[in-house]
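S.K.: Below you will find the structure I want to go over with you.
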Amino acid sequence: MTKCINSPKELFKLAYKMASNLKDENANSFAADLPHIDKLSVHKLTPSLLPITNAMKSIGSTAKSTVELVTAIKNAYKLQAWRQPYLEKDIGSTFTNGSAWFPIADVNGPIVYNKGLVEIMLLNKGITYPKHSHSPEELYIVLAGQVWWEAEGGANSPCWKKAGDVIHHSPNQVHAITAGEEAVLILNFWRGGAFEMPSIT
Ligand SMILES: [Fe+2]
């Protein structure tokens, strides 16, 4: 029988476990900074789907380290509060129609967290998240598929990052990603800084 995990707490625990277990100092550090789940309150969010969330059915390959979280997300994606924070006039309709996020821990919930952000990003195949920057320090863990990553001053940038790979951005470091030939799922952490919208450069 398949175990169906769909509560934000379960997704949070799986994200914490994965980031703790990866052989990556930045991932371990972000995980260590998360409060214990029992210290955080949970708000119920109204599920919200966007047309792009259909791309969950065609995300790329996972890695051994990411398959457990991805399976949980696949089982639960229709219950999440998917959002598109960007406006078409600022970034173009290709991007707004080809990307979406849902929060696991955020200032507005579902897990109420004021010092950072834990969310899931979905990018359809071939979609570019253009160069942008923001004051919070950021970690991406590629969960499924692969992205072409570019970051000013980034080690080995530009290069492909695949499922199980970790990407770190310092505060205000300019960065961009483009999804490969399949849709991409990314676990995204922020810590520190302000909760401003990223500025597109
Ligand atoms: Fe970013």
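S.K.: Cβ-Cβ distance below 7 Å, separation of 6 or more or different chains: which pairs start in segment 126-145 with a residue that is without any contact (Cβ under 8 Å) to a residue 12 or more places away in the chain and end on one that is not charged (D, E, K, R)?
M.R.: Here the result reads none, with nothing in segment 126-145 linked to a residue that is not charged (D, E, K, R).
S.K.: Can you confirm whether residue 181 is charged (D, E, K, R), in a loop (DSSP other than H, G, I, E, B) and over 16 Å from the mean Cα position of the chain (by Cα)? Show your work before the answer.
M.R.: Working: charged (D, E, K, R): yes; in a loop (DSSP other than H, G, I, E, B): yes; over 16 Å from the mean Cα position of the chain (by Cα): yes.
Answer is yes for this residue.
S.K.: Out of all the residues in segment 113-162, which are open to solvent by 40 Å² or more (accessible area, probe 1.4 Å), of a type in the set (Lys, Arg), at pLDDT 95 or above and away from the ligand (no atom under 11 Å from the Cβ)?
M.R.: 125, 162
S.K.: For residues that are loosely packed, with under 15 Cβ neighbours inside 10 Å and of a type in the set (Asp, Glu), scanning just segment 171-199, find the one that is farthest from the ligand (Cβ to nearest atom).
M.R.: Once the filter is applied, the top-ranked residue is 181.
S.K.: Check whether at least one residue in segment 84-96 is in contact with a Leu (Cβ under 8 Å, 6 or more places away or on another chain), within 25 Å of residue 151 (Cβ to Cβ), β-branched (Val, Ile, Thr) and not in a strand (DSSP E or B), and report yes or no.
M.R.: First, pick out the residues of segment 84-96 that are in contact with a Leu (Cβ under 8 Å, 6 or more places away or on another chain): 84, 96.
With within 25 Å of residue 151 (Cβ to Cβ) added as a condition, the list becomes 84, 96.
Going one step further and asking which of them are β-branched (Val, Ile, Thr), we end up with 96.
Of the ones still in play, those that are also not in a strand (DSSP E or B) are 96.
Yes.
S.K.: Taking the residues in segment 21-57 that are touching a Leu at 6+ places or on another chain (Cβ under 8 Å) and not polar (S, T, N, Q) as candidates, determine which candidate is surrounded by the fewest Cβ atoms within 10 Å (Cβ to Cβ). It would help to see each step written out before you state the result.
M.R.: Going residue by residue through segment 21-57, those that are touching a Leu at 6+ places or on another chain (Cβ under 8 Å) are 26-28, 30, 47, 52-53, 55-56.
After this cut, where a residue has to be not polar (S, T, N, Q) as well, the list is 27, 30, 47, 52, 55-56.
Details: 27: 23, 30: 26, 47: 13, 52: 19, 55: 22, 56: 21.
Step by step, filter segment 21-57, then rank; the result is 47.
The values are calculated or read from the model by the stated rules, or taken from the named source; none is laboratory data. Given the structure is predicted, the values throughout are model-derived calculations rather than measurements. Backbone-built Cβ (ideal geometry, glycine too); neighbour counts: all protein chains shown. Accessible surface is based on the protein model in full, side chains and every heavy atom, while ligands, DNA and RNA are left aside. Shrake-Rupley method; radii C 1.70, N 1.55, O 1.52, S 1.80 Å.
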